[in-house]
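Structure first, then comments.
The values are calculated or read from the model by the stated rules, or taken from the named source; none is laboratory data. Remember, predicted model here, so these are calculated numbers, not experimental data. All Cβ positions, even for glycine, are placed from backbone atoms using ideal geometry, and neighbour counts span all protein chains on display. Surface areas here come from the heavy atoms of the whole protein model, side chains and all, with no ligands, DNA or RNA. Shrake-Rupley method; radii C 1.70, N 1.55, O 1.52, S 1.80 Å.
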Amino acid sequence: MEYLTVPLGQHRLPKLPYSYNALEPVISTRVLEIHHSQHHKAYVEGLNKAELKLAEARQKRDYSLVKHWEREIAFHGSGHILHSIYWTSMAPAGRRWETPGAQTHKLIIDYFGSLIAFQEQFSEGAISVEGSGWTSLVWQPGWGRLEILTIEKHQDFYQAGSIPLLVIDVWEHAYYLDYLSKRKDYVRSWWQIVNWAAVEKRLTLAMSGQMPLVIN
């Protein structure tokens, strides 16, 4: 198994696999551009800074700020990972599967009972998460099945070992300019642009212990 090693402090903002206007009318050009080029970029820059500062502290054997920089790595690193997977969780018409792939569909039925039950639980988790956060469909290798996780703070409330396959961002910057306070409308509209092809590929990779940020 081969892994892509990212050098210390050299994380990069991934390019979107589609244009900024490709997800309209569900997500507007303005929202997508601000979200990607400003918010996600800030996570990448914060992660790089934290890694370099922590390396500098190790070199100087000055551990007074280790706790701070480790928290910064957790916060910005989680933001970078989840945003990267969020972009590939969506795709414009003609460049996505409209329904789950065979393997994804089987595992959804096995655990949730039906696709409708899965979507209802996922949507309710995204609508009701307190404050800012995410909802994610994950592969949990610890017990060999899928799970839905609602993440209130992406550096905290998470399940160890889980590999995200499909994520929705419900921080206000992801939808407020388009939907104002109507998060429910955003979540329900979002299903129109879910890229099930990427979910199927991520599931196959996750079952072999791989979690690439970019899916080709």
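Pairs of lysines in the chain whose Cα atoms sit within less than 27 Å of one another amount to 22, provided the residues are eight or more positions apart or on different chains. Note on ILE34/GLN103: beta-carbon distance plugged into 1/(1 + (r/R0)^6) with R0 of 30 Å gives a FRET efficiency of 0.30.
Contact order for the chain, expressed relative to its length and based on alpha carbon pairs under 8 Å spaced 6+ residues apart, stands at 24 percent. Across region 3-110, C-alpha contacts under 8 Å between residues 6 or more apart give a mean separation that, scaled by the residue count, equals a relative contact order of 30 percent. For region 118-216, the list of trypsin sites (Lys or Arg not before Pro) that fall in a loop by DSSP and count at most 14 other C-beta atoms within 10 angstrom reads LYS182. Overall, the accessible surface of the chain at a probe of 1.4 angstrom is composed of carbon and sulfur to the extent of 53 percent. What is the helix-to-structure angle for 102-112, meaning the angle in degrees between its Cα long axis and the longest Cα principal axis of the chain, kept from 0 to 90 and rounded to the nearest 10? Long axis of 102-112 versus the principal axis of the chain: about 90 degrees. Among the listed values (i) 52, 38, 34; (ii) 52, 51, 36; (iii) 55, 39, 32, the one matching Cα extents along the principal axes in Å as calculated from this structure is (iii).
Using a Förster distance of 35 Å, how high is the FRET efficiency between ASP185 and SER114, based on the Cβ-Cβ distance and rounded to 0.05? About 0.90, to the nearest 0.05. The distance linking region 84-127 with region 28-42 is 24 Å (Cα centroid to Cα centroid, whole angstrom). Surface exposure of the chain, expressed per residue as accessible area with a 1.4 Å probe, stands at 53 Å². Protection proxy ranking for 161-173, 32-44, 51-63, using the average of other Cβ atoms within 10 Å per residue and placing the highest first: 161-173, 32-44, 51-63. Length gained on full extension, LEU13 to ALA93, computed as 0.36 nm times the residue gap minus the Cα-Cα distance: 26.4 nm.
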